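To start, the structure under review is shown below, and the notes come after it.
The values are calculated or read from the model by the stated rules, or taken from the named source; none is laboratory data. Fair warning: this is a prediction, and the values are worked out from it, not measured in the lab. Reconstructed Cβ throughout: ideal geometry from the backbone, glycine too, with neighbour counts over all protein chains shown. The area values use the complete protein model at the heavy-atom level, side chains included, leaving out ligands, DNA and RNA. Shrake-Rupley method; radii C 1.70, N 1.55, O 1.52, S 1.80 Å.
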Amino acid sequence: MFQFIHTADIHLDSPLRGLIRFEGAPVERIQSATREAFRNLVQVAIDERVAFVLIAGDLWDCDWPDSAPGLFFIQQAARLGKVGIPIYVIKGNHDAESKLTSAIRHWPENVKFFSHKKPQTIVLEEWNVAIHGQSYGQQQVTEDLSAAYPPPVNGAFNVGLLHTCLEDGGTDYAPACVDKLVAHGYDYWALGHSHHRQDLSRDGVHIEFPGNPQGRSIREAGPKGCSLVTVGDDHSVSSQFEPLDTVRWQELLVVSDDSGLESAVRAALEMAVGKSDGRLLAVRLEVIGWVYGGQALRDRLDAVAVEVGDVWLEKIVITPPTRKADEGGTGRLPVPVTDEIQKLIGSLQTDDGALSEWMEEFSEMRGRFTGELNGADTVQALSEKQAFRKLLAQVGGRL
């Protein structure tokens, strides 16, 4: 029996440029989170005494501005090298051979990159394992790389290391067919590219995306980590999720009117913090209720977040409920009126960057409508953003 770690889509030092427009964002902690997650991965590998580590593409996000990402990786790989743990890496669409032009050409002896020219097989005699893989030569790879992977090594535990979008993810990233992967004869397919954990195992063949070790935006919400895989003497496979993230993105829904809002938000945040195991939570909060937005609301809820603990409110979205009660008696939450418009209004009430963009694009329309709804004297007495936010509140109330 032995264990190994399967990870992918690490995106070391991913730039996260969009954070700049969020006032008060913990930018440094979020930008360093990919490194911290990789440190955690190395520590899990050491603690569990794994046989090897597999990285199924996109170790880096893009070409480096300097050598810092490479030097960090070398430092962490050296930690594994000291205890005899090798790392096997294929390059994906983000760190393809043609994109990564770093001057670093000599990696630690325990780090092996698969060639982009053709599939390779590396045999680990100590564990009776054969690892098959091929890196990307360029960002777009439209052919099914797995089709050219060599046949399995007889009697060994065979692993296919593949960065792929599969069949349903387009054609630019080595599309592969699950049925053909199963028929190829390998015991385990270590996939990368999808940032969401998926188990696609079938007919005794383990096929898995581990997801990325660290979420980088609200689009990658929830726990993130790697797969710790145990292989029995009979080549049976069991895989367990190991959380690695140090910043966890999360969406929370609160139903409340203005008078009870702080209490409802505090209760939701406390529950989330209690499950976060000390991580920083980056929360997108949606409030369903008759609540006035603006900076005052942001200040109120930011204060609640600070009181609760290590929480940053990434965005607050206000969604007014329907005016009519649920006549069906289903007990479900009311469906928001004109849901998309209301969500947009709530977002613009709390997001200065988005508000500025909309004000620029619709300046002429804003001039006409603010005069009709607020009166010229009122508009001039208010700042531009205050006037537009007041307009949004009035429009939302009339829907």
Looking only at segment 1-35, count how many residues are modelled with pLDDT of 90 or more and small (G, A, S). 3
Restricting attention to segment 35-60, and to residues there that are of a type in the set (V, I, T) and in a strand (DSSP E or B), which single residue is nearest to the chain's Cα centre (by Cα)? I55
Could you grab me the full set of residues in segment 240-267 that are over 22 Å from the mean Cα position of the chain (by Cα) and not β-branched (V, I, T)? S256, D257, D258, S259, G260, L261, E262, S263, A264, R266, A267
Which ones in segment 40-58 are touching a Ser or Thr at 6+ places or on another chain (Cβ under 9 Å) and more than 16 Å from Q240 (Cβ to Cβ)? I55, A56, G57
Determine the pairs where a residue that is at pLDDT 95 or above, located within segment 47-63, has a partner that is of a type in the set (S, T, N, Q) and buried (at least 24 other Cβ atoms within 10 Å of the Cβ) with Cβ atoms under 6 Å apart, the partner being 6 or more residues away or on another chain. I55/T7
Quick one: in segment 277-297, which of the residues that are assigned to a helix (DSSP H, G or I) and open to solvent by 30 Å² or more (accessible area, probe 1.4 Å) is farthest from D257 (Cα to Cα)? Q295
In segment 206-220, which residues are of a type outside the set (V, I, T), touching a residue at least 40 places away in the same chain (Cβ under 8 Å) and open to solvent by 10 Å² or more (accessible area, probe 1.4 Å)? R216, S217
Filtered residues of segment 227-243 (kept if in contact (Cβ under 8 Å) with a residue 40 or more places away in the chain, of a type in the set (D, E) and more than 17 Å from V42 (Cα to Cα)): D233
For segment 79-95, does any single residue satisfy the condition of being within 30 Å of G232 (Cα to Cα), β-branched (V, I, T) and part of a loop (DSSP other than H, G, I, E, B)? yes
Within segment 122-145, take every residue that is assigned to a strand (DSSP E or B) and open to solvent by less than 60 Å² (accessible area, probe 1.4 Å) and give me the one that is farthest from V83 (Cα to Cα). V141
Residue list for segment 255-271, filter: out of contact with any strand residue (DSSP E or B) (no Cβ under 6 Å at 6 or more places or on another chain) and either closer than 17 Å to D245 by Cα or touching a residue at least 24 places away in the same chain (Cβ under 8 Å) (or both): S256, D257, D258, L261, E262, R266, E270
The residue from H94, H132, H106, H116 that alone is touching a Cys at 6+ places or on another chain (Cβ under 7 Å) and within 30 Å of I46 (Cα to Cα) is H94
Filter result for D203 (more than 25 Å from the chain's Cα centre (by Cα), surrounded by fewer than 19 Cβ atoms within 10 Å (Cβ to Cβ) and at positive phi): yes
Looking at S194, S239, S227, which one is surrounded by 15 or more Cβ atoms within 10 Å (Cβ to Cβ) and in a loop (DSSP other than H, G, I, E, B)? S194
